[in-house]
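Student: Structure in structure tokens, see below.
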Amino acid sequence: MGYRLDPEHPRDPACLRLDPAAAALVHEMVAWYLEAGATVHSIALRLTQLGIPTATGKPRWNVASVRGIVKNPASMGTAYGNRTRIVEATQRKSALLPVGPGVSSRSRPREEWIGVPVPARISLEVFDHVQEKRAHNQQCSARHNTHYP
């Protein structure tokens with residue numbers, strides 16, 4: 001989110017341009033996320049309540065979409081390809097379905113990623129601050145804490 005492809009050269013990263021409106025929304029999302037007590041869930045709710053449509057035009061924001069935007073390293077000016085690989089499924093999608101045949105994706109080691117320069121949406125310092133907050137929020141999440149009476 002925040003970029004426009006050239007329809008004549010959709011696979012050429014040199015033709016990628018910042019979309020001013022979407023880039024401004026990404027900046028706003030990052031600013032909201034850095035507020036005290038903010039979570040990706042609260043940002044998704046806020047965007048939905050404000051009536052801001054998603055990149056695909058849907059009225060309701062998904063937490064996974066917001067998380068993907070705030071953790072995307074392309075925001076700093078480098079998009080990465082070869083980040084995941086396809087592997088055979090090892091678990092059922094549902095208890096009612098058999099294991100496989102199916103596929104899943106797994107992350108590749110960072111040294112295998114292929115970097116491509118793109119216009120930056122936010123600074124490295126801001127991006128690092130967002131990632132620190134994401135890590136803190138994950139550790140302090142209620143689902144990761146056991147409370148004893």
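The values are calculated or read from the model by the stated rules, or taken from the named source; none is laboratory data. These numbers come from a predicted model, not from an experiment. As a convention, Cβ positions derive from the backbone with ideal geometry for all residues, glycine included, and neighbour counts pool all protein chains shown.
Student: If I ask for residues that are more than 12 Å from the chain's Cα centre (by Cα) and of a type in the set (D, E, K, R), which ones from region 17-74 would you list?
Tutor: Listed by number, the residues that qualify are 17, 19, 28, 35, 46, 58, 60.
Student: Let me ask something additional. State which residue pairs qualify: first residue part of a loop (DSSP other than H, G, I, E, B) and inside region 3-29, second residue at pLDDT 80 or above and of a type in the set (Lys, Arg) in any location, beta carbons under 8 Å apart, and separation of 6 or more residues or different chains.
Tutor: Within 8 Å, the pairs are 6/17; 16/4; 19/4.
Student: On the basis of being in contact with a strand residue (DSSP E or B) (Cβ under 8 Å, 6 or more places away or on another chain) and either assigned to a loop (DSSP other than H, G, I, E, B) or of a type in the set (D, E, K, R) (or both), does residue 60 make the cut? Break it down into steps so the answer makes sense when it comes.
Tutor: Working: in contact with a strand residue (DSSP E or B) (Cβ under 8 Å, 6 or more places away or on another chain): no; either assigned to a loop (DSSP other than H, G, I, E, B) or of a type in the set (D, E, K, R) (or both): yes.
In short, no.
Student: Would you mind finding the one in 65, 104, 42, 94 that is surrounded by 12 or more Cβ atoms within 10 Å (Cβ to Cβ), of a type outside the set (A, V, I, L, M) and outside any helix (DSSP H, G or I)? Give the steps one after another, and end with the answer.
Tutor: Values: 65 fails: outside any helix (DSSP H, G or I); 42 fails: outside any helix (DSSP H, G or I); 94 fails: surrounded by 12 or more Cβ atoms within 10 Å (Cβ to Cβ).
Selected residue: 104, the only one of 65, 104, 42, 94 that is surrounded by 12 or more Cβ atoms within 10 Å (Cβ to Cβ), of a type outside the set (A, V, I, L, M) and outside any helix (DSSP H, G or I).
Student: Related question: Just checking, which of 123, 65 is modelled with pLDDT of 90 or more and under 23 Å from residue 4 (Cβ atoms)?
Tutor: 65
Student: Please state which of the following conditions residue 26 fails to meet, knowing it meets all the rest: (1) at pLDDT 85 or above; (2) more than 14 Å from residue 1 (Cβ to Cβ); (3) of a type in the set (Val, Ile, Thr).
Tutor: All conditions pass for residue 26, except number (2).
Student: Which condition from (1) surrounded by 13 or more Cβ atoms within 10 Å (Cβ to Cβ); (2) free of Cβ contacts under 8 Å to residues at least 60 places away in the same chain; (3) not basic (Lys, Arg) is the one that residue 35 breaks?
Tutor: Failing condition for residue 35: (1).
Student: I'm trying to understand the selection: among the residues of region 31-56, which are at pLDDT 90 or above and small (Gly, Ala, Ser)?
Tutor: 31, 42, 44, 51
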